[in-house]
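A.B. asks: Supplied in structure tokens, the structure appears directly below.
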């Protein structure tokens, strides 16, 4: 599926990799039975939604993370989204999407739109203690066996996860909006992993050019991340 702003994300990762910073990676899953829980992709006969959480937020604000939606209209009539009746829901609190001049998004037949919003975190993921460590092997062009490094990790299930939120959308194929239907997709953090930035990037030295290159083995739409500098460095 599509990765949004991939060049921006990779540029940011490359710059950050010059430091000794770490990444804390939060992997998301969905309990919506009709959604691909790994790719966070929803599709029916009428439209599809690709969710993308990958990347950091502006100024690396650890209290919010960006959620991007790529919505494609499969039918031969317009699909309308009512942002005034749509929101993200965290706990019992609703954050309405109507923070823009236009209340409605009109998606013409066989076209798509991209929409971004911010998820307000209720958990300080940098304070979560990691419960286990293991060695990860990442294949690089210069090593058939791959390079090994240590990842610290804490796993969750939906009953003990540290963070759950929902994306609630009001849609219609009726231009008068007299008939609406609703989507309610829930997401939760299934794991928190911690590693050095260079390991996250899959950084290696190119034996031909001598320059550093990266394989980005953790590039995925179903995670968001926080960069930080460990206090003991």
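A.B. asks: Quick one: would you say residue 204 is closer than 30 Å to residue 99 by Cα, surrounded by 15 or more Cβ atoms within 10 Å (Cβ to Cβ) and over 23 Å from the mean Cα position of the chain (by Cα)?
C.D. replies: The answer is no for residue 204.
A.B. asks: Here's a follow-up. Across the range 65-82, what is the number of residues that are surrounded by 14 or more Cβ atoms within 10 Å (Cβ to Cβ) and either in contact with a helix residue (DSSP H, G or I) (Cβ under 9 Å, 6 or more places away or on another chain) or more than 18 Å from residue 165 (Cβ to Cβ) (or both)?
C.D. replies: Counting residues in the range 65-82 that are surrounded by 14 or more Cβ atoms within 10 Å (Cβ to Cβ) and either in contact with a helix residue (DSSP H, G or I) (Cβ under 9 Å, 6 or more places away or on another chain) or more than 18 Å from residue 165 (Cβ to Cβ) (or both) gives 11.
A.B. asks: I've got another one for you. Would you call residue 97 modelled with pLDDT under 95, within 20 Å of the chain's Cα centre (by Cα) and closer than 17 Å to residue 184 by Cβ?
C.D. replies: Numbers: modelled with pLDDT under 95: yes; within 20 Å of the chain's Cα centre (by Cα): yes; closer than 17 Å to residue 184 by Cβ: yes.
Taking the combined requirement at face value, the residue satisfies it.
A.B. asks: So how many residues does the range 26-35 have that are at pLDDT 85 or above and surrounded by 15 or more Cβ atoms within 10 Å (Cβ to Cβ)?
C.D. replies: Qualifying residue count for the region: 6.
A.B. asks: Could we say that residue 175 is over 22 Å from residue 28 (Cβ atoms) and surrounded by 15 or more Cβ atoms within 10 Å (Cβ to Cβ) here? Steps first, please.
C.D. replies: Values: over 22 Å from residue 28 (Cβ atoms): yes; surrounded by 15 or more Cβ atoms within 10 Å (Cβ to Cβ): no.
Considered against the rule, which asks whether it is over 22 Å from residue 28 (Cβ atoms) and surrounded by 15 or more Cβ atoms within 10 Å (Cβ to Cβ), residue 175 comes out as no.
A.B. asks: Could you please find all residues in the range 22-78 being free of Cβ contacts under 8 Å to residues at least 40 places away in the same chain, farther than 28 Å from residue 202 by Cα and in a loop (DSSP other than H, G, I, E, B)?
C.D. replies: Scanning the range 22-78 gives 33, 34, 44, 45, 74, 76.
A.B. asks: Could we say that residue 46 is modelled with pLDDT of 90 or more, under 24 Å from residue 170 (Cα atoms), surrounded by fewer than 16 Cβ atoms within 10 Å (Cβ to Cβ) and touching a strand residue (DSSP E or B) at 6+ places or on another chain (Cβ under 8 Å) here?
C.D. replies: yes
A.B. asks: Would you confirm whether or not the range 83-92 contains a residue that is in a loop (DSSP other than H, G, I, E, B), at pLDDT 95 or above and surrounded by fewer than 16 Cβ atoms within 10 Å (Cβ to Cβ)?
C.D. replies: There is no residue in the range 83-92 that is in a loop (DSSP other than H, G, I, E, B), at pLDDT 95 or above and surrounded by fewer than 16 Cβ atoms within 10 Å (Cβ to Cβ).
A.B. asks: Do we have any residue at all in the range 132-145 that's out of contact with any helix residue (DSSP H, G or I) (no Cβ under 8 Å at 6 or more places or on another chain), at pLDDT 90 or above and surrounded by fewer than 18 Cβ atoms within 10 Å (Cβ to Cβ)?
C.D. replies: Taking the range 132-145 and keeping what is out of contact with any helix residue (DSSP H, G or I) (no Cβ under 8 Å at 6 or more places or on another chain), we get 132-135, 137, 139-145.
Add one more test, that the residue is at pLDDT 90 or above, and what stays is 132-133.
Of the ones still in play, those that are also surrounded by fewer than 18 Cβ atoms within 10 Å (Cβ to Cβ) are 132-133.
Yes: one or more hits.
The values are calculated or read from the model by the stated rules, or taken from the named source; none is laboratory data. Computed from a prediction, not measured in an experiment: that's the story for all the values here. Virtual Cβ from ideal backbone geometry, glycine too; neighbours counted across all protein chains shown.
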